[in-house]
1. Taking the stated definitions as given, is residue 14 modelled with pLDDT of 95 or more, in a loop (DSSP other than H, G, I, E, B) and either more than 16 Å from ligand 2 (Cβ to nearest atom) or under 35 Å from the mean Cα position of the chain (by Cα) (or both)?
2. Are any residues in region 46-62 surrounded by 12 or more Cβ atoms within 10 Å (Cβ to Cβ) and more than 15 Å from ligand 2 (Cβ to nearest atom), and if so, which ones?
3. Considering region 126-135 alone, what residues qualify as being within 10 Å of ligand 1 (Cβ to nearest atom) and either surrounded by 15 or more Cβ atoms within 10 Å (Cβ to Cβ) or of a type in the set (Gly, Ala, Ser) (or both)?
4. Search region 70-95 for residues that are part of a loop (DSSP other than H, G, I, E, B) and pair each with any residue that is among the basic types (Lys, Arg) and surrounded by fewer than 16 Cβ atoms within 10 Å (Cβ to Cβ) when their beta-carbon atoms are under 7 Å apart and the residues are at least 6 apart or on different chains.
5. If you scan region 93-129, which residues turn out to be among the basic types (Lys, Arg) and more than 28 Å from the chain's Cα centre (by Cα)?
6. Residue 84: at pLDDT 95 or above and under 22 Å from residue 55 (Cα atoms), yes or no?
7. Output the residue which, of all residues in region 101-121 that are touching a Lys or Arg at 6+ places or on another chain (Cβ under 9 Å) and more than 16 Å from ligand 2 (Cβ to nearest atom), is nearest to residue 170 (Cα to Cα).
8. Please specify each residue of region 112-157 satisfying the condition of being in contact (Cβ under 8 Å) with a residue 40 or more places away in the chain and among the aliphatic types (A, V, I, L, M).
Amino acid sequence: MQALTNRAKQVDRAPMSFMEKMYLPAIIKGMSITFSHIFKKKPTINYPEKTRPFSPVFRGMQILNRDAEGRENCTACGLCAVACPAEAITMEAAERQIGEENLYREEKYAAKYEINMLRCIFCGLCEEACPKDAIYLSETFTPADYQRKQFIYSKNDLLIPHPQENPEAYKKALGNRGNKTTVN
Ligand code: SF4
Ligand code: SF4
């Protein structure tokens, strides 16, 4: 067969020695490497039972925020969508009706709010652009999934639990953010 280049090298097929045929040196060498790791400090942890401390600048999954009374902060102004470099955010605005004052803080709210997590680069610009403290990047990982459509997060996926109806889950979603949730 004609060679494509002249860089081909003849493989050295020297016959194996008796010890090499026993594979003992190779096995002993391999086992010694394995045993040398037994007493070393493990670089891995038993996640999720144990978690590593987050960096102060860690940015995880987005959360749509509520105020202390449980009303949705988002007023569907669209600034987060404009700021998003990945064009990952879409929303539809609706007007608050009489009697819905306990649900939405502003007169306009997001009837539909979606983030395409396959596009999101967790830059945090949506959080910075928001004038209503309505969105923030939490300390929660985006869960893995097998289907692309599962990564289109709807408002229900993103909305923080109600602080009065489900205070435990609300506190967990806030994480170290704690008292940073403000009412503008
Ligand atoms: S974190 Fe960045 S990329 Fe992700 S939705 Fe917000 S602005 Fe877009
Ligand atoms: S999350 Fe903030 S920036 Fe985005 S639409 Fe709602 S209020 Fe506006």
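The values are calculated or read from the model by the stated rules, or taken from the named source; none is laboratory data. Here the structure is a predicted model, which means the values were calculated and not measured. Ideal geometry is used to build each Cβ from the backbone, glycine not excepted, and the neighbour counts take in all protein chains shown.
1. Values: modelled with pLDDT of 95 or more: no; in a loop (DSSP other than H, G, I, E, B): yes; either more than 16 Å from ligand 2 (Cβ to nearest atom) or under 35 Å from the mean Cα position of the chain (by Cα) (or both): yes.
Answer is no for this residue.
2. We begin by selecting, within region 46-62, every residue surrounded by 12 or more Cβ atoms within 10 Å (Cβ to Cβ); these are 54, 58-62.
54, 58, 59, 60 - these are the residues of region 46-62 that are surrounded by 12 or more Cβ atoms within 10 Å (Cβ to Cβ) and more than 15 Å from ligand 2 (Cβ to nearest atom).
3. If the condition is that a residue be within 10 Å of ligand 1 (Cβ to nearest atom) and either surrounded by 15 or more Cβ atoms within 10 Å (Cβ to Cβ) or of a type in the set (Gly, Ala, Ser) (or both), then 126, 127, 129, 130, 135 are the ones that fit.
4. Between residues of region 70-95 that are part of a loop (DSSP other than H, G, I, E, B) and residues that are among the basic types (Lys, Arg) and surrounded by fewer than 16 Cβ atoms within 10 Å (Cβ to Cβ), the close pairs are 75/108; 76/108; 86/119; 87/119; 88/119.
5. To start, the set of residues in region 93-129 that are among the basic types (Lys, Arg) comprises 96, 105, 108, 112, 119.
If the condition is that a residue be among the basic types (Lys, Arg) and more than 28 Å from the chain's Cα centre (by Cα), then 96, 108 are the ones that fit.
6. Working: at pLDDT 95 or above: yes; under 22 Å from residue 55 (Cα atoms): no.
The answer is no for residue 84.
7. The extreme case among them is 102.
8. Correct list: 115, 117, 125, 129, 134, 135, 137.
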